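The values are calculated or read from the model by the stated rules, or taken from the named source; none is laboratory data. Since we're looking at a predicted model, the values are computed, not measured. We place every Cβ from the backbone using ideal geometry, glycine too, and count neighbours over all the protein chains shown.
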Amino acid sequence: MGVWHTRQTSAHFQTESVGRISQFVYDAKTTRHAANAWINQTSIGVEVSNSGGTAQGWPITDTAVIQSVRLAAAVCWHFKLGRPFAGHYIRWHKEFTGTSSLYHLAPGGKYHRCFMDEAHRFYDVLAAGAIHPNGDLKHPGEPAPQSRKEPAYVVTIKYFHDFIKGYLGPVISDVKDIREQIIGGRDSGQNDGWSISQLVKNYQPKPGDQGTMPEILAVALIELEKMRTDLDDIKKTEHNNNVQRNSRLGSKRAA
């Protein structure tokens, strides 16, 4: 668990190799587990511990797989998402960022089929109300409910609304931030063009060396113009001095 103190990442839940599940962040809070703002804001992150590293091929214990998938199924049931469906209600790290440790759980991985089979079975048990709050089966002698066919993937209006609000919204805000840095206004029609003198005035009262890109460029242009003026003055002074010196030398020769 010490990894959470050394990396810029977080998750709602973690499943250890022995099967113990810990919650680090409340469900309603956003974590950084998917390297994708929209997914982070609209999902529950579950990290699964590996029982070995690169040399062992990043294995995961059977206990960790079972506990993790039951947690995922319980999340789907609790939030009324529907039966776990790979690629929709169940997403994988490799979809959003490169990972070398949990790829076995994703489609094509050696644990994937077992993962999804148990997800369907356990969700059906939960949906049938066949489990006590402590996790025990109400009727252990009865067979578990039969698995149903996975529903077709349906893109709803809410899906697009959440996508626009959760992903496009922050992206558009970032674009407007960049626009404000470049032209000084967040929205179209707010800027009629740059005024170098006004940009310099905008820059001067700001603390330290803070300023937008156009303001800093305007200050640089003004400073460059001052340097040119100073250089021209130096050249003129040097020229006048040379003229006077040559004049004095000419007078001495004539004398």
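Observations
- Scan segment 25-66 for residues that are closer than 23 Å to Glu95 by Cα and among the aromatic types (Phe, Trp, Tyr) and the total you get is 2.
- Ile44 meets the stated requirement of being surrounded by 15 or more Cβ atoms within 10 Å (Cβ to Cβ) and part of a loop (DSSP other than H, G, I, E, B).
- Gln14 meets each of the listed conditions (1) assigned to a helix (DSSP H, G or I); (2) in contact with a strand residue (DSSP E or B) (Cβ under 9 Å, 6 or more places away or on another chain); (3) farther than 16 Å from Tyr123 by Cβ apart from (1).
- In segment 107-152, residue modelled with the lowest pLDDT [restricted to those that are in a loop (DSSP other than H, G, I, E, B) and aliphatic (A, V, I, L, M)]: Ala152
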